[in-house]
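Colleague: Right, I'll just put the structure down here and ask away after.
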């Protein structure tokens, strides 16, 4: 399963050349990741209230073409790796009108206890949500 989030480029996200600044893409990745987790069955805030946090352990961005002010974009997120201790998301940023790939990237996260920040076994802590994520990841990987 992939989650698609629509973004309209705001003026504040552009630089003096009129293109989206490179630092904005990870923010859009977060929007898509949050929407993905909600689509799988739980909001990020509910997950944190339940004692699980997902700190970022790594991020990549590969820029293909620039986005510009007022472009309508679609940021797609899907799971690219899942273990009981870690999760990685893969993202694409495309123009909505013609599906042109502008950027792709990943973010890696560890599952940690919200109080201690020690690693935890997400499969044991939230078995139903892990199972849904695992099913979506397996379904995607067969494409």
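Just so you know, all these numbers are worked out from the coordinates, no wet-lab data involved. The structure displayed is predicted, hence computed values, not measured ones. FYI the Cβ positions are ideal-geometry reconstructions off the backbone, even for glycines, and counts take in every protein chain you see.
Colleague: Can you tell me the Rg and the Dmax, both Å, for the Cα atoms in the chain?
Modeller: Cα radius of gyration and Dmax of the chain are 15.9, 49 Å respectively.
Colleague: Here's a follow-up. Taking 22 Å as R0, compute the FRET efficiency from the Cβ-Cβ separation of residue 11 and residue 59 and round it to 0.05.
Modeller: 0.35
Colleague: Picking from 61, 16, 103, which is most flexible by a Gaussian network model of the chain using Cα springs under 10 Å?
Modeller: Fluctuation is largest for 16.
Colleague: Still on this structure: Okay, helix-only estimate at 222 nm for the chain: each DSSP H run of n ≥ 4 adds -39500 (n - 2.57), divide by all residues, round to 500 deg cm²/dmol; what do you get?
Modeller: Calculated from helices alone, the mean residue ellipticity at 222 nm is -8500 deg cm²/dmol.
Colleague: Within the range 101-115, list the residues whose amide N lies under 13 Å from a label point set 7 Å along Cα→Cβ of residue 83.
Modeller: Answer for the range 101-115: 109-111.
Colleague: Hey, another quick one. Name the residue, out of 36, 25, 11, whose mean-square fluctuation peaks in a Gaussian network model built on the chain with Cα pairs under 10 Å.
Modeller: Evaluated over the chain, the most mobile residue of the options is 11.
Colleague: I want to verify a result. In a Gaussian network model of the chain, Cα cutoff 10 Å, which of these has the top mean-square fluctuation: 20, 75, 93?
Modeller: Sorting by GNM fluctuation, first place goes to 20.
Colleague: Note down the relative contact order for the chain as a percent, whole number, built from C-alpha pairs under 8 angstrom at least six residues apart.
Modeller: 28
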